[in-house]
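A short worksheet on the structure shown next.
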Amino acid sequence: MNAPQHPKIQAHHLSRKALVYVRQSTLHQVFAHGESTARQYGLTATAQDFGWPDSLIEVIDDDLGQSGSSATHRHGFQRLVADVALGQVGIVMGLEISRLARNNADFQQLLQICGLHQTLICDADAIYDLSQLNDRLILGLKGTMSEAELFTMRARLQGGLRHKAARGELATKLPIGFVYAPAGKVTLDPDQHVQEAIRLLFHTFRQVGSSIGVVKYFNRQGLTFPTRPIKGPHCGVVWWTDLSSGLALRILHNPRYAGVFAYGRTRLIQSPRGGAAYQKRKREAWHALVQQAHPGYISWEEFEANQELLQRNMTRHHQGPARMGAALLQGIVLCGTCGRNMSTSYKRRAGGRIDPLYTCNRAKLDYSAPICTSIPGGEVDHMISAVLLEQVTPLAMEAALSVQQEILKRAQEAEKLLHRQVERAQYEADLAKRRLMAVDPANRHVAQTLEDDWNDKLEHLQQAKQDYEARRATSRYVLDAPKQAEIRRLATDFPRIWSHPATSHQDKKRMARLLIEDVTLRRDAYSVTLFIRFKAGAILTRVVRLSRSGNKATVMDPALIAQIDALTEQHTAGEVATKLNEAGIPHPIRGDFDTNAVVYLLKRFKLPSRYQRLRVRGYWTQEEIAKRFGVSVQTVQRWRKNGWIHAVYYNDQKEYLYEPFFEGLPRHSQHQTQTAAASPMAQSLQEE
Ligand SMILES: [Zn+2]
């Protein structure tokens, strides 16, 4: 054994191991700074020079490619500490030994243990004996310096990034739909197909108002969506796949699509267990937000509105998108007792009729408290229908029209996109064919592979064509011109579009929401009070009686009610019922109309009865006439039978109301003048 070359190295050091600790913090450094790694391994020779036998020199390089910030994942460092603690180590060697444990706590621990076991530490500058105060101070200082250096280094790098980011010039990974132009500027992806898919996504979101709705739409229409995988076999190229809700959400939340450069939307949080996770920052805490940094797909205002909507979709106290069911107030109904949102459910009644039910069960769901209120929705919905028909304005008509136009536009866009898929499949098939043609037929194996590929592509093309044709077949129904014209005509006529059988519940709800902000329902024993708050700010109060059997909510066609209203102008309830039955118009529940049904409906929709209408027109009762002329009721009846005065039935028990006539004139002359100027109304009255 050689004599020790250094005064601090003693024989007891040489009898124990010499550990050479080699590390670079990232794999990139391992490859890029190979020189440094070589130097670290060179320490083995230094150990030999100091006099350690080869058998006692050990290299610890487990930590190559591990970051130095924490010791948790650096097994090499842990092994080092363990060996030192067992007293088996004479010297620990490493370039810039202070780097061994940048983290101060780790470093102090190692120093302590080395001191206890009289283990030397050697770096590029010197050998330190930790049982000596001087050496210990110097090393401790180095560790502190190293940590400070790491800190300032990070701050400097981050500062540089942030500075660049604040100007919107930092090049970051672009989401799908954007590419870097050669000059480094961000532009929209020149692939029109990609652009269209993204535009359709935003467009669909505008319509359905939820990310799930967008995903459903794409999948139902058989549309794929572009992605650019960052790993795997399709890394870096545009890859078409089904739209997932995660992807849809990422796109909706990404301000890039509004042409905005944002930096520092998330921060990396180190967990005590050594892991890390990204946490969202509030908008105010973002490092940079540069508007109009590059072209986008939507406006910043739309982006903001989308964020708000997505946020509201997340929280429960929100109306949510209009769903398919019949309950008109789904999502916009509030409990008059506690103010919470009411949920909507449906109850199947005898005869297959399905009634909506508005329930305040939030407290039950949250705290298992009893249900607050439950209100049958049928009658309430009728009232809303009636109110809308009565309150309808040109604005609502415009809205109805735009809903229809949007539906058309979307159908066209979906069709266009499917056509793109056909074009793409065609292109790929052509490409496969050209490849096959170009190959030397003698190269049979390659030719076979290419032929298979071509066949696959042809099959794919066939499928795409089928999808397109199927789509066209269904959309032709929507798109043909007479239909469009009809929709336009309907749109100018709100009552008709509202009661038109082709108008879906969903469209009705959308229309209702265009007009109504929310409706608060308060239930008493036999009635429900509706406080209807319109978008414009007006508030309307209506009371709905609940039929005693509870929830006999019938869906009555407003057009039918209007018809009954019109007929009652000229006919008694029994006659109205007969006319409706003759016209083949069914009663939604009973099938046929009768006197009672008509009387009930007039009452329920607060329409005047036949009696009230005649009285408003000035018709007299026989008692009034008897009193006016000082005769008996029997005399009045005789006058009528003699044709001196005219009367009509006001009900089906053949009770009369008497036509008004001018005082002092004999009945027959009055009658003459009236017939001469007969209005259709007067004529029909006289026919009775
Ligand atoms: Zn409640």
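Extending 7 Å from the Cα toward the beta-carbon at both ARG628 and GLU459 defines two label points whose distance is 9.2 nm. Excluding same-chain neighbours fewer than eight residues apart, the lysines reachable from LYS409 by a Cα-Cα span under 21 Å are LYS216, LYS483, LYS508, LYS509.
Could you work out the relative contact order of region 155-223, using alpha carbon pairs under 8 angstrom and six or more residues apart, expressed as a whole percent? For region 155-223, the relative contact order is 14 percent. Placing a pseudo-label 7 Å from each Cα along the Cα-to-Cβ vector at ASN443 and TRP240 gives an inter-label distance of 2.8 nm. Residues whose amide H falls under 5 Å from that of HIS646, counting only those 5 or more places apart or on a different chain, are GLU659, with hydrogens built in the peptide plane. Fewest neighbouring Cβ atoms within 10 Å first, the residues SER374, SER632, SER55 line up as SER55, SER632, SER374. As a calculated quantity, the FRET efficiency between HIS75 and GLU284 at R0 = 45 Å, using C-beta atoms, amounts to about 0.60. Candidate cross-link partners of LYS17 among the lysines, defined by an alpha-carbon separation under 20 Å and a same-chain spacing of 8 or more, comprise LYS8. Overall size of region 139-220 from C-alpha positions, given as principal axis extents largest first: 67, 33, 18 Å. The gain in end-to-end length when the LYS433 to LEU86 segment is fully stretched comes to 117.8 nm, 0.36 nm per residue minus the alpha carbon separation. Cα-based radius of gyration for region 215-285, normalised by 2.2 N^0.38 Å, reads 1.42. Taking a straight line from the alpha carbon of LYS433, these aspartates and glutamates sit under 17 Å away, with near neighbours fewer than eight places off in the same chain left out: GLU423, GLU451, ASP452, ASP453, ASP456, GLU459. Between GLN195 and ILE539, what FRET efficiency comes out of the Förster formula 1/(1 + (r/R0)^6) with R0 = 45 Å and r the beta carbon distance, rounded to 0.05? So the FRET efficiency works out to roughly 0.50. Counting beta carbons within 10 Å around each of CYS235, CYS372, CYS122 and listing the fewest first gives the order CYS235, CYS372, CYS122.
Placing dummy labels 7 Å off each Cα toward the beta-carbon, the span from GLN311 to ARG250 is 2.4 nm. Classify region 161-316 as rounded, prolate or oblate from the Cα gyration tensor: take a ≥ b ≥ c as the square roots of its eigenvalues, call it rounded if a/c is under 1.5, otherwise prolate when a/b beats b/c and oblate if not. Rounded is the answer for region 161-316, as its axis ratio a/c remains below 1.5. Among the listed pairs LYS164/LYS280; LYS606/LYS627; LYS579/LYS654; LYS173/LYS416, those whose Cα-Cα separation exceeds 23 Å are LYS606/LYS627; LYS173/LYS416.
Every number in this text was worked out from the coordinates using simple rules, so none of it is lab data. All of these numbers come straight from a predicted model, not from anything done at the bench. Backbone-built Cβ (ideal geometry, glycine too); neighbour counts: all protein chains shown.
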